[in-house]
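We did not get these values from a lab; they are worked out from the coordinates using the rules stated. Just so it is clear, the model here is predicted, and its values are computed rather than measured. Positions of Cβ are backbone-derived with ideal geometry, glycine not excepted, and every protein chain shown enters the neighbour counts.
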Amino acid sequence: MNRNIDNAIAVAKLIDKLRNNSISEKELNILKDWLHKDQKNLELFRSLSDPDEFGRDLKNVITYSNEDFVDRVTNMLDDKDLNKDDSIVSNPNKGYWYYAAATILIVLCIGFAVYWQQGTSKKANPDLSKGINDTTTPIKPGGNKAVLTLSNGKSIWLDTTANGQLGQDNIVKKDDGVIAYSGSTVSLQHNTVTTPRGGQYRVILEDGTKVWINAASEFRFPVSFVQDKREVFLKGEAYFEVAKNAEKPFIVHVNGSSIKVLGTHFNVMAYEEEKKIRTTLAEGSIMLNHEGKDSVVLRPGFQADIVSSSENIKVAKADLAETLAWTKGLFLFKSTDINSIMRQVSRWYDLQVVSEGDLSDVKFSGSLKRQENIADLLDILATDGRIRFRTKGHTITMTKQ
């Protein structure tokens, strides 16, 4: 019994190393051998993606400490009533309860932080060796890259410019990835920060508002807020921490819609390929107006979607951790379909993604660092054998196994 639990913990550690991209080639081979050694092992590994298979134990696993869960599983295995069940004791597949215990311990050891989310269709006997990414072209993750366009039309490449004054007394490049304005103009002048695919940047506006700009985005703003309202313009995605000023409301214009605030924290995602504008409120209160036809007041913890094909604003509960993960250097997926995942990946790594066949039913949950090597990231997504990636240059083709 203890040997089985020890084995489960050992396997859990290997899976955790796979998640953290710290697994060695030797350890990866050990994990693959374990998966292929017994169909039960493969089913156990894949079942991590299906909460229904665990019922209450999996749903409540996060509330238990490691020690509590080890004791609980051990007691379960020692339970005389369970051992009286001949169908369990005589199970030829090395013990149903041992595999159940291993499953619970694996989920526990990886902290319920990452598990591979299955789609609606499940393939039997996937060949993991065919799912591992075979890319040979080095592709770097994104970084702090942007172009600052001044009101006179001059462009400054921020990632290659030294820290300090940027030609004008009121603009300072601070630490890598941040520029700050001190506001000294008396007339309305606009600057624009444009991030390429594979870029991101931060701007501190003259009123103290902080803006995180994601990849493939454009943010236009006044050098000084000299009017009775603070109006800025966005294409792409940005996270705002707006300085409070009741006398000057802060308004974000995005694709025909506007977001009006006094002082709050919120994220706006408006990529053209996503076919919607999603505004997520973390703190404070905001009012959204869509082309002057529909408006809503959003509360913290909620998100509002404006779909290009509809005039209505749809409000729903938001997952703040998932929405704001990019501001913390992470990809965070929760039952996210692979197409949506790869759109995020393509913007950050400056890639083109081609999908062969319908992959809409393939979903994943998990957390990955945005500085992950692309080959390792694809290996992780391909590990459970449902998808295969092929890389040629900066184009990734994905197919269902």
Report summary line: The long-range amide H neighbours of K334, using H built 1.01 Å from N in the peptide plane and a cut-off of under 5 Å, are G366
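Diagonalise the Cα gyration tensor of the range 328-400 and give the resulting equivalent ellipsoid semi-axes, square root of 5 times each eigenvalue, largest first, whole Å.
17, 15, 11
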Requested in this report: Please name which of G357, G385, I396 has its Cα lying farthest along the dipole of the range 328-400 towards the positive end, using unit charges on Cβ (Lys, Arg +1; Asp, Glu -1) and the Cα centre as origin.
Outcome: I396
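Once R0 is set to 51 Å, what does the formula 1/(1 + (r/R0)^6) return for the Cβ-Cβ distance between D294 and I30, expressed as a FRET efficiency to the nearest 0.05?
About 0.35, to the nearest 0.05.
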Query - Full-extension gain in nm, D176 to T327, via 0.36 nm per residue minus C-alpha separation - result: 52.9 nm
Query - Distance-filtered residues of the range 209-235 - backbone nitrogen under 17 Å, label point 7 angstrom along E273 Cα→Cβ - result: 214-218, 235
Report summary line: Set K276/K392; K173/K210; K140/K235; K210/K260; K275/K392; K145/K260, cut-off 22 Å on Cα-Cα distance; pairs above it are K276/K392; K140/K235; K275/K392; K145/K260
Report task. Hey, could you get me the Stokes-Einstein D for the range 143-323, Kirkwood radius over alpha-carbon pairs, 37 °C and 0.692 mPa s, rounded to whole µm² s⁻¹? Result -> 198 µm²/s
Query raised in the report: For the pair S355 and D319, what calculated FRET efficiency results from E = 1/(1 + (r/R0)^6), where r is the Cβ-Cβ distance and R0 = 25 Å, to the nearest 0.05?
Result: 0.50
